[in-house]
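Here is the structure we will look at.
What follows is calculated from the coordinates using simple rules that are stated; it is not laboratory data. Predicted, not measured: the structure shown is a model, and the values here were computed from it. Neighbour counts are summed over all protein chains in view; Cβ atoms, including those assigned to glycine, are modelled from backbone coordinates with ideal geometry.
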Amino acid sequence: MNRKFVYVMVLALAGSATGAAPYLMAQASSSGTITIKDPAEYNAYNSAIGQPTPQAKEQAIESFLQQYPNSVVKQQMLEVLMDAYTQTGNTQKALDTAKKVLAVDPTDMRALALSAYVLRAQAGQKTDPAQAQPLLDEAAADAQKGLSAPAPSGADAANYSKMKAAVTPLFDGAIAADDLGKKDYADAIKYFKEELAAMPPQQQTAGPGIQDTYLLGTAYTQEKPQDLVNAVWYLARAAAYAPEPFKTQIQTAAQYWYKKYHGGTDGFDQVQAQAKASLNPPAGFTITPAPPPPSPQQLAHTAVTSTPDLKTMALTDKEFVLANGTPDDAGKVWDTMKGLTTKVPGKVISATPDSVQLAVSDDAQQSNKADFTVNMKTPLKNPPTIGSMVSLIATFDSYTQNPAMIIMKDGMMPPTTKPHAMHRATTRHHTSH
């Protein structure tokens, strides 16, 4: 986990906890002044808060809270303890302390920010999405509370505004990550864009800013329908700033989706240069789409017109033309087939003594769907097993385009070749008399 990022995002611009000491003199009076009445408690408070290192603060404040569990400065001391654990990189202790702060004040923005960040980071370390999602849900719940949290009573308005501006991207990112995990891509896109827009420019192109730019691009590839223009923009931008080995991985993804949409990689470098220079695509930005692929009917016509002798066309190609061609093209191919007796190899989809349905083409075999029906000349004593591969001899009889099916008649099993009989050679021994 990026300790520096946690500290900067959650604590910078918020003012250090020790800097808040002048108004942490608890037990609020009608005048708003906070006072600790017990001198021993006040001395213990001063001693703990004045420790010179974060490690020393951790020990002193834990001791203070054990000795004075109901102190009027409990929330403030927990916040100082949370900060200390953050500075020493003990993220689990920082999270545990943030939860204690929230038990006292459910709207404490810094505790909500730290909790949302750490929980999202912990979710990112899980390899099982089922284990990650509850953490993301909890992080998003804290983030939603943080976005709507009111300023605490007596808070300096300017400092509070700075702190809220600092942690808002963190909240937006936690909500977006949760949406992404739940496949709510439209909402994920909304919050990722709000997160990046709320970040200072230097954060957009470093660390979590790069990561969430990449996730934003990925979300565009997953939504229905896909928005590959925006997907390419944000993936290309993330690749432009990502360190290795992530740069190459993200670059490969960006080029893949660009080629899928555009038909080639020409022009990709110019798009990436634009994306590197700007967070969002300019108004009117587009990528020229590849021409639509030819229809099955067009492909069938090309196959017919480009084959000099239709009799030489492969059986699977003939089947494609019969299923997809115009009546004229299909008729030309069928003229070369009707009445022809041939061997047909395929996967058995169903079988009775009178009829066997086969999957002959690769597509039919992969989808386990029959594309040939062979009506037997004489009933089979032992129909072939479903799923087995067989070759039948039959005569082309008719076909249908919808559903695509070639019907054959006079089917029979190929004759089995009998092995040659083995004759033992005998040698006669003649004896001379």
Normalise the Debye intensity by I(0) for the stretch 127-172, one equal point scatterer per Cα, no solvent, then take log10 at q = 0.20, 0.21 Å⁻¹ and round to two decimals. -0.70, -0.73
Which aspartates and glutamates, if any, have their Cα less than 20 Å from the Cα of Lys259, not counting same-chain residues under 8 positions apart? Glu223, Asp227, Asp269
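Could you give the Stokes-Einstein D for the stretch 276-384 in µm² per second, using the C-alpha Kirkwood radius, 10 °C, 1.306 mPa s? If you can, show how the numbers build up before the last one.
Working: Rh = 17.2 Å.
Translational D for this selection: 92 µm²/s.
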Gaussian network model of the chain, springs between alpha carbon atoms under 10 Å - residue of Ala111, Ala238, Ala323 with greatest fluctuation: Ala323
Between Thr302 and Gln401, what length comes free when the chain is fully extended (0.36 nm per residue of separation minus the Cα-Cα distance, one decimal in nm)? 33.8 nm
If you consider only alpha-carbon coordinates, what radius of gyration and Dmax does the stretch 199-281 have, in Å? 11.7, 36
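For the stretch 293-333, which semi-axes, largest first and in whole Å, follow from the square roots of 5 times the eigenvalues of its Cα gyration tensor?
Semi-axes from the Cα gyration tensor: 14, 10, 9 Å.
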Please determine, in degrees from 0 to 90 and to the nearest 10, the orientation of helix 54-67 with respect to the longest principal axis defined by the Cα atoms of the chain, where the helix direction is its Cα long axis. 70
Under 5 Å between amide H atoms, partner at least 5 residues away or on a different chain: which partners does Leu380 have, H built in plane at 1.01 Å? Asp354
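Relative to the Cα centre, what is the charge dipole magnitude of the stretch 199-281, using +1 at the beta carbon of each Lys and Arg, -1 at the beta carbon of each Asp and Glu, and rounding to the nearest 20 debye? Intermediate results must be reported in sequence, preceding the final value.
Numbers: 6 positive and 6 negative charges, 10 e Å.
Approximately 40 debye in magnitude.
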Taking the structure as given and computing percent of Cα pairs over 32 Å apart, which label from (1) 39; (2) 68; (3) 61 fits? (3)
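Before anything else, pin down the relative contact order of the stretch 87-132: Cα pairs under 8 Å, at least 6 apart, normalised by residue count, whole percent. Walk me through the intermediate numbers first.
Values: 21 pairs, mean separation 13.3, N = 46.
Once normalised by length, the contact order is 29 percent.
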Can you tell me how much longer the chain between Asp363 and Gln66 gets when fully stretched, taken as 0.36 nm per residue apart minus their C-alpha distance, in nm with one decimal? 99.8 nm
Taking Arg120, Arg237, Arg110 and counting other C-beta atoms within 10 Å, the order from fewest to most: Arg110, Arg120, Arg237
Whole angstrom only: what separates the Cα centroid of the stretch 186-225 from the Cα centroid of the stretch 52-127? 28
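Going by C-beta contacts inside 10 Å, put Ile407, Ile61, Ile49 in order with the fewest on the left.
Working: Ile407 15, Ile61 26, Ile49 20.
Ranking Ile407, Ile61, Ile49 by Cβ neighbours within 10 Å, fewest first, gives Ile407, Ile49, Ile61.
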Pairwise label distance in nanometres, Asp105 with Lys182, each label 7 Å out on the Cα-Cβ vector: 2.9
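Sorting Phe64, Phe171 on the 10 Å Cβ count, fewest up front, what's the list?
Numbers: Phe64 22, Phe171 29.
Result, fewest neighbours first: Phe64, Phe171.
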What residue among Asp309, Asp179, Asp227 has the largest mean-square fluctuation in a Gaussian network model of the chain, using Cα springs under 10 Å? Asp309
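I'd like to compare 400-406, 385-391: which one has the highest average count of other Cβ atoms within 10 Å, and what's the full order after that? Don't skip to the end; give the middle numbers.
Working: 400-406: 14.0, 385-391: 12.0.
The densest-packed peptide leads the list: 400-406, 385-391.
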In percent, what relative contact order does the chain have, based on Cα pairs under 8 Å that are 6 or more apart in sequence? 7
Compute the angle between helix 246-262 and the longest alpha-carbon principal axis of the chain, please, reported from 0 to 90 degrees and rounded to the nearest 10. 50
Relative contact order of the stretch 45-177: what whole-number percent is it, with Cα pairs under 8 angstrom and at least 6 residues apart? 18
Among Tyr399, Ala323, Asn159 - extreme Cα towards positive end, dipole of the chain, charges at beta-carbon: Tyr399
Between beta-carbons, use under 14 Å as the cut-off and find the net charge around Gln122, counting Lys and Arg +1, Asp and Glu -1. -2
Over the stretch 60-133, with a single point scatterer placed on each C-alpha, what log10 of the ratio I(q)/I(0) does the Debye formula yield at q = 0.14, 0.21, 0.25, 0.26 1/Å? -0.47, -0.87, -1.10, -1.15
Pairs of lysine residues in the stretch 100-201 - Cα separation under 20 Å, sequence separation of 8 or more or cross-chain: 13
